[in-house]
Amino acid sequence: MTAILKSKQAAAATRLDAMSAPKSANWATPARAAALARVERMGLPSRRDEYWKFTRPDTLTQADAPHAAVFVHDEAPVFDSFDRLKIVFVDGVFDAAASDDLALESVEISRLADAADISWAGDIYGKLEERGQDPVERPLAALNTAFASDGVLIRVTKTPSKPVSLIYRHESDSSDATLHHVVKVEAGASLTLLENGPAAARFNKCLEARVADGAELHHVRAQGRDHERRAVTHMFVELGRESVFKSFTLTVNGRLTRNECIIEFTGDNATAHVAGAALGDGDFVHDDTVFITHDAVNCESRQVFKKVLRNGATGVFQGKILVKPDAQKTDGYQKSQSLLLDGDSQFLAKPELEIYADDVACSHGSTTGAIDEDALFYLRARGVPQDVATDLMTLAFLAEAVEEVEDAALADEITGRLEGWLVRHRD
C-alpha cells in the first residue's frame, strides 16, 4: 500500500468517525454497506488524484462543514412561474409543509428516508454509482450512497402533465446536506426534472437514473445565486435502446462547485446531451467533470460547456468519451470554452477521447479567450454603452450551451437569469 493511499484512507476514517449512519430501509442496507466498504478502500480524494489535480477537495472532505452565510434575495426563485410539482428540502431535509402533494399522474414518488421495500429502487440505488467507479474512482459518490439521509425515489410509467421540481433551501450557515435521488423512466415514458437552490453550506448530492428503451429524461438545473456554497454533485445515467437524456446546468458563483456526470450507453440508437453555463466572479471554482461510455451501436453524445470568469475566478472542464470495441457508428462531440473578462482568471481543460471502434465520428475542442475587441468597438460605435455591449457579447457566447435546453420557455428563463447576473456584476 502506498503512502498516498494510506493518507487518503486516514482522511476517510476521520470523516467517517464524524458521521452517523442514517436510518435505512432493508432494501437499501446492502448497497449502503457496499458503498461504505468502497470509501474505506479508496479513501477520500486528494490533489494527487488525476481527476482532482485542478480542484482542491479539502473543504468537501473535512469533517466539519465550512460556514456559508445565508443570503436573502428579492429575486423570485428560478422556475417559479412554471406549473410544476414542487418537492422542497431545507438544509438537506424534506419539508412536507413547503412541498406539494406528491401525487402526480403516471409518476410514483417516495421519500428515501422512509420508503418501504421498493424493488425497482433497490435495483438502482448504489448500483449505477458502483459501476461508475470504473475506470475512475469517485469516493465522494460512494460516501453519498453510504450516508445519504434523504432524497426522492421517482418512477415514471408514462408522461406526466408537468415537471417534477426539486427545490433546495439553505437556512443554516454551517449545514451539511447529503441527498440521493433515484429516477427510473419506464419504456416509452418521459419526465422533465428541474432542480434549483443552494441546499446547504456543504452539499453532496447524487442522482442515479435509468432511462429505459424509448424513454426520455430532460434535466434542467440552476445552482446558487451569489452564494458561498461548496457542493459536489454526481449524476449516473444508464441509457437503454432509443432513449434520450438531456441535461443542462446553470451555475452562478459559489466558492466551489464540482458537477460530475457519468453516462453509460447500454442500448443502441440512444442520445445523450450534457451542457452547462457557468458565471464566476472572484473566489469561485467551478469544475465540470464528465465521463461518457459508449457500449452500444449508433449512439450520439454531445457535451457543450461554456464558462464566463472574472476577478480571479477559476473554471475547470474534464471530459472523456470512451468508445468500446463494439460501439460502432458512435457520434461523440465535445466542446468546452471559456470567456475571460480579465487577466486574473483561468480556465483549465482536459478533454479526452479513448476509442476502440473503427467506424466512429468523434471530436473535441477547447478554447479560452477574451472579449473580441473589434466586435466590442463595432457595438460601441453604434451607441451601445460598453457595459451593455459586453453583456450582449457574453450572452451570445453562452447561447450555444443554453440552446441545449429543449423547452423554449425554460431556455428563456435561463437566459433571463444570465442577464440578471451580468447586470448585478457590472463594474
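Taking first residues from the stretch 91-110 that are at pLDDT below 95 and surrounded by 16 or more Cβ atoms within 10 Å (Cβ to Cβ) and partners that are outside any strand (DSSP E or B) and not aromatic (Phe, Trp, Tyr), the Cβ contacts under 6 Å between residues at least 6 apart in sequence or on separate chains come to Asp91/Glu171; Asp91/Ser172; Asp91/Ser175; Asp91/Ala200; Gly92/Ala200.
Of all residues in the stretch 210-222, those that are touching a residue at least 12 places away in the same chain (Cβ under 8 Å) have Cβ atoms under 7 Å from Cβ atoms of residues that are polar (S, T, N, Q) and surrounded by fewer than 21 Cβ atoms within 10 Å (Cβ to Cβ), 6 or more apart or on another chain, in Ala215/Ser190; Glu216/Ser190. Could you tell me which residue of the stretch 354-407 is nearest to Tyr333 (Cα to Cα), considering only residues that are free of Cβ contacts under 8 Å to residues at least 24 places away in the same chain and charged (D, E, K, R)? The residue in question is Glu403.
Scanning the stretch 149-164 for residues that are hydrophobic (A, V, I, L, M, F, W, C) and in contact with a Pro (Cβ under 6 Å, 6 or more places away or on another chain) yields nothing. Of all the listed residues (Leu217, Leu207, Leu250, Leu239), the sole one being closer than 21 Å to Ala399 by Cα and buried (at least 24 other Cβ atoms within 10 Å of the Cβ) is Leu250.
Those strands (runs of 3 or more DSSP E) of the stretch 298-352 in which at least 2 residues are more than 22 Å from Ala399 (Cβ to Cβ) and not β-branched (Val, Ile, Thr), considering only elements entirely within it, cover 314-323, 330-340. For the stretch 286-293, indicate whether the set of residues that are surrounded by fewer than 19 Cβ atoms within 10 Å (Cβ to Cβ) and either modelled with pLDDT of 95 or more or within 14 Å of the chain's Cα centre (by Cα) (or both) is non-empty. Looking for residues that are surrounded by fewer than 19 Cβ atoms within 10 Å (Cβ to Cβ) and either modelled with pLDDT of 95 or more or within 14 Å of the chain's Cα centre (by Cα) (or both), one finds none in the stretch 286-293, hence no. Checking Thr178, Thr192 one by one, the residue that is within 17 Å of the chain's Cα centre (by Cα), among the β-branched types (Val, Ile, Thr) and closer than 17 Å to Phe94 by Cβ is Thr178 and no other.
Being among the basic types (Lys, Arg), buried (at least 24 other Cβ atoms within 10 Å of the Cβ) and either out of contact with any helix residue (DSSP H, G or I) (no Cβ under 7 Å at 6 or more places or on another chain) or over 18 Å from Val93 (Cβ atoms) (or both) is a description that does not apply to Arg169.
Can you name the condition, by its number, that Ala177 falls short on among (1) touching an Asp or Glu at 6+ places or on another chain (Cβ under 8 Å); (2) over 21 Å from Ala28 (Cβ atoms); (3) modelled with pLDDT under 95? Going through the list (1) touching an Asp or Glu at 6+ places or on another chain (Cβ under 8 Å); (2) over 21 Å from Ala28 (Cβ atoms); (3) modelled with pLDDT under 95, Ala177 breaks only (2).
Tell me, please, whether a residue that is of a type in the set (A, V, I, L, M, F, W, C) and in contact with a helix residue (DSSP H, G or I) (Cβ under 6 Å, 6 or more places away or on another chain) can be found in the stretch 40-60. Checked against the condition, which is being of a type in the set (A, V, I, L, M, F, W, C) and in contact with a helix residue (DSSP H, G or I) (Cβ under 6 Å, 6 or more places away or on another chain), the stretch 40-60 yields at least one hit. Take the stretch 408-427 and flag every residue that is surrounded by 15 or more Cβ atoms within 10 Å (Cβ to Cβ), within 22 Å of the chain's Cα centre (by Cα) and not polar (S, T, N, Q). Answer for the stretch 408-427, where residues must be surrounded by 15 or more Cβ atoms within 10 Å (Cβ to Cβ), within 22 Å of the chain's Cα centre (by Cα) and not polar (S, T, N, Q): Leu410, Ala411, Glu413, Ile414, Arg417, Leu418, Trp421.
Of all residue pairs spaced 6 or more apart or on separate chains, those with beta-carbon atoms under 7 Å, a first member in the stretch 19-31 that is closer than 9 Å to Gly122 by Cα and a second member that is of a type outside the set (Ser, Thr, Tyr) and at pLDDT below 85 are Trp27/Asp117; Trp27/Ile118. Going through (1) under 25 Å from Phe265 (Cα atoms); (2) exposed (fewer than 15 other Cβ atoms within 10 Å of the Cβ); (3) in contact (Cβ under 8 Å) with a residue 60 or more places away in the chain one by one, Asp117 falls short only on (1). The single condition from (1) surrounded by fewer than 24 Cβ atoms within 10 Å (Cβ to Cβ); (2) touching an Asp or Glu at 6+ places or on another chain (Cβ under 9 Å); (3) not acidic (Asp, Glu) that Ala199 fails is (1).
The values are calculated or read from the model by the stated rules, or taken from the named source; none is laboratory data. The structure displayed is predicted, hence computed values, not measured ones. Neighbour counts are summed over all protein chains in view; Cβ atoms, including those assigned to glycine, are modelled from backbone coordinates with ideal geometry.
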